[in-house]
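Engineer: Sharing a structure below in structure tokens format, with a few things to ask.
The values are calculated or read from the model by the stated rules, or taken from the named source; none is laboratory data. Bear in mind the structure is a predicted one, so any value in this text is a computation, not a measurement. Methodologically, a virtual Cβ is constructed for each residue, glycine included, from the backbone with ideal geometry; neighbour enumeration extends over all protein chains shown.
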Amino acid sequence: MDFGFKISPSSTINLDLVDTGKFEELHRLEPDVYKCMACGSCSSACPAGNFSGMSLRKVILALQRGKEKDAVSMLKNCMLCGKCSMVCPRGINTRHLILSVCRIYGEDQV
Amino acid sequence: MIYQGKQKIWADYQKEIPDNHWFYVRSCIRQNFFPGAEKMFLEICRNLLGRDFFETEYHTTCGGIAYHCDTIPQETVMTIVARQFALMTEAGYENYVASCITSFGNYTEIIETWREFPELETKIRELLWKACRREFKIPKYLAHASDLIYKYRNEIAARAKYRLINRHTGEPLKAVEHIGCHYAKMFPSRGVGGAEYPYVLAGMIEAWGGNVIDYPERRHCCGYGFRQYHVKANRGYSLSNTHKKFESMEPYHPDFILTNCPGCPYFMDRWQYVIAETEGKTYGENGYGIPVLTYEELASLVLGYDPWDIGLQLHQVAVEPLLDKIGIEYDPKAKYLGLDEKDLMKPELPGVLRCC
């Protein structure tokens, strides 16, 4: 029966089922990834963010939650301009971090 | 339910509830959803327990629905509430009890706002005087009607004809208690037991012989949420919330759900039909749903009132399996007979959800 509305699929993530191997590899290569406090300064400074949905904060969160495809598709919009590095209050070398993410999670590997 | 830790929380969150002399205000929507509930509250408190409960036909909505739907500003709601308080003052009462959870939250929020900003209270007094030449005193004690039944729970237990025991197994019935969000989530200290594990309904279930189930989404909203339901485009969100709760409680096989809010029993009851029609899934035994009761209805059942006199035929989910478990006698043929045996007509049966 069509009521004109339906049950939305649950957005619950079971972290016990997420394979964190790649994120641990990223952490070995880029220990700074754990320094991120998700303040969003990188996202607000990102010149691509407004037009493409690119957000480094979301990328890191997505990787931690095992949503690798979402993260990699967002990173395709990065122009490597480095503005996020300039504004990061934790001093994370974000451009280097992005390149490392691409190396580990490259599209062919996801 | 694991009691460790909760008793400490319950000890910290206790409120003073006077025993007698209350000014009672009804809910806007409960009388349409489950009309027996408020009638039975007054019947139990006034006639059975002999307490003084006054109500007036001049009281209106508290404005809570419009306020929480963001259609009127808080000053308007405050003036409506000030008029209700004026009616209480004129009737000579100091204790104010609301039937509705949102009204209770609304009154609590307004009294707290006036305490923080006395100039606002002065402004509202002026507005009320200009609007209808009335003056008011702030209630000395504010309670929700479930607080009162909680207070009288042992008196009710002493007079109970039935206990919440499964007569087939001899085990206590497994109950899910669901507290309306506006009861204690806004002001935890104003609810019995606080916000995380309110004791108000758990106390009733225990006093009447049942067992309370602690399940992961126990404190999750029922999904009503005013704007989620009233805007049709958001109704899927409302339904999804309810679905999430039922999925979470399903493994514990509850015998019934007890609620103290106008919206919660309605949506947890009716959405079971919608979930059954859209997903083909039911949560009770043998294709039935899980009966959802208000605390007045449950109190009336244990006290031995006729299930059809307290309006249980207006529930979407059939209550008969629960009545059979408790051992309550009822006449199946009288389910849809009204006053003077007037035929209320039998509703059409749903396709998936089994009803009697």
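Engineer: For residue B:107, only one of the following conditions fails: (1) crowded, with 16+ Cβ neighbours inside 10 Å; (2) in contact with a Lys or Arg (Cβ under 8 Å, 6 or more places away or on another chain). What is its number?
Structural biologist: It fails just one condition, (2).
Engineer: Related question: Tell me which helices (runs of 4 or more DSSP H) are completely within region A:33-110 and hold 1 or more residues being of a type in the set (A, V, I, L, M) and touching a residue at least 40 places away in the same chain (Cβ under 8 Å), or say none if there are none.
Structural biologist: Filter on region A:33-110 gives A:41-45, A:56-64, A:83-87, A:94-105.
Engineer: Now a separate question. Based on this model, can you work out whether residue B:175 counts as away from chain A (no Cβ under 14 Å) and touching a Gly at 6+ places or on another chain (Cβ under 6 Å)?
Structural biologist: yes
Engineer: Within region B:31-67, track down each residue that is farther than 18 Å from residue B:150 by Cβ and part of a helix (DSSP H, G or I).
Structural biologist: B:31, B:32, B:33, B:36, B:39, B:47, B:64, B:65, B:66, B:67
Engineer: Quickly run through region B:267-288 and pick out the residues that are part of a loop (DSSP other than H, G, I, E, B) and in contact with a Phe, Trp or Tyr (Cβ under 6 Å, 6 or more places away or on another chain).
Structural biologist: Answer for region B:267-288, where residues must be part of a loop (DSSP other than H, G, I, E, B) and in contact with a Phe, Trp or Tyr (Cβ under 6 Å, 6 or more places away or on another chain): just B:283.
Engineer: Evaluate the following for residue B:330: is it outside any helix (DSSP H, G or I), over 24 Å from residue A:6 (Cα atoms) and of a type in the set (Phe, Trp, Tyr)?
Structural biologist: Yes; evaluated as a whole, the condition is true for this residue.
Engineer: Could you check how many residues of region B:28-59 are modelled with pLDDT of 95 or more, polar (S, T, N, Q) and more than 17 Å from residue B:302 (Cβ to Cβ)?
Structural biologist: 1
Engineer: For the structure I just gave you, tell me whether residue A:87 is out of contact with any Lys or Arg (no Cβ under 7 Å at 6 or more places or on another chain), surrounded by fewer than 19 Cβ atoms within 10 Å (Cβ to Cβ) and among the β-branched types (Val, Ile, Thr).
Structural biologist: So residue A:87 passes the test.
Engineer: Go through region B:248-277 residue by residue and tally those that are within 8 Å of chain A (Cβ to nearest Cβ) and out of contact with any helix residue (DSSP H, G or I) (no Cβ under 8 Å at 6 or more places or on another chain).
Structural biologist: 1
Engineer: Now for a separate question. Which is without any contact (Cβ under 8 Å) to a residue 24 or more places away in the chain, over 24 Å from residue B:231 (Cα atoms) and out of contact with any strand residue (DSSP E or B) (no Cβ under 9 Å at 6 or more places or on another chain), of B:80, B:110, B:44, B:72?
Structural biologist: Answer to the selection: B:80.
Engineer: I'd like to verify a number: residues in region A:4-27 that are surrounded by 13 or more Cβ atoms within 10 Å (Cβ to Cβ) and closer than 30 Å to residue B:271 by Cβ, how many?
Structural biologist: 4
Engineer: Among the acidic types (Asp, Glu), closer than 30 Å to residue B:244 by Cα and buried (at least 17 other Cβ atoms within 10 Å of the Cβ): does that describe residue A:30?
Structural biologist: No; evaluated as a whole, the condition is false for this residue.
Engineer: Moving to a separate point now. Whether any residue in region B:298-310 is touching a helix residue (DSSP H, G or I) at 6+ places or on another chain (Cβ under 9 Å), within 23 Å of residue A:3 (Cα to Cα) and at pLDDT 95 or above is what I want to check.
Structural biologist: No - not one qualifying residue is present in region B:298-310.
Engineer: Those residues that are crowded, with 17+ Cβ neighbours inside 10 Å, under 16 Å from residue B:89 (Cβ atoms) and in contact (Cβ under 8 Å) with a residue 60 or more places away in the chain, I need them from region B:120-164; list them, please.
Structural biologist: Once the filter is applied, which keeps residues that are crowded, with 17+ Cβ neighbours inside 10 Å, under 16 Å from residue B:89 (Cβ atoms) and in contact (Cβ under 8 Å) with a residue 60 or more places away in the chain, region B:120-164 yields only B:139.
Engineer: Okay, moving on. Given the residues B:278, B:282, which is the only one that is modelled with pLDDT under 95, surrounded by fewer than 24 Cβ atoms within 10 Å (Cβ to Cβ) and not aliphatic (A, V, I, L, M)?
Structural biologist: Unique residue meeting the criteria: B:278.
Engineer: Within region B:184-198, can one find any residue that is within 14 Å of chain A (Cβ to nearest Cβ) and in contact with a Lys or Arg (Cβ under 6 Å, 6 or more places away or on another chain)?
Structural biologist: Within region B:184-198 (the criterion being within 14 Å of chain A (Cβ to nearest Cβ) and in contact with a Lys or Arg (Cβ under 6 Å, 6 or more places away or on another chain)), the answer is no, since none of the residues qualifies.
Engineer: If I ask for residues that are modelled with pLDDT under 85 and facing another protein chain (nearest Cβ under 7 Å), which ones from region A:1-15 would you list?
Structural biologist: The answer is A:1, A:10.
Engineer: Please state which one of B:63, B:50 is under 21 Å from the mean Cα position of the chain (by Cα) and at positive phi.
Structural biologist: Selected residue: B:63, the only one of B:63, B:50 that is under 21 Å from the mean Cα position of the chain (by Cα) and at positive phi.
Rundown of residues vs (1) buried (at least 24 other Cβ atoms within 10 Å of the Cβ); (2) in contact (Cβ under 8 Å) with a residue 24 or more places away in the chain; (3) within 14 Å of chain A (Cβ to nearest Cβ); (4) more than 30 Å from residue B:325 (Cβ to Cβ), yes/no style:
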position	(1), (2), (3), (4)
B:223	no, yes, yes, no
B:226	no, yes, no, yes
B:231	no, no, yes, yes
B:235	no, no, yes, yes
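Engineer: A follow-up question, please. Among the residues that make up region B:197-206, is at least one of them at pLDDT below 95 and over 24 Å from residue B:253 (Cα atoms)?
Structural biologist: no
Engineer: Also, I was wondering about something else. Just name the residue that is farthest from the chain's Cα centre (by Cα) out of those in region B:298-324 that are part of a helix (DSSP H, G or I) and closer than 14 Å to residue B:161 by Cα.
Structural biologist: In this case the residue turns out to be B:323.
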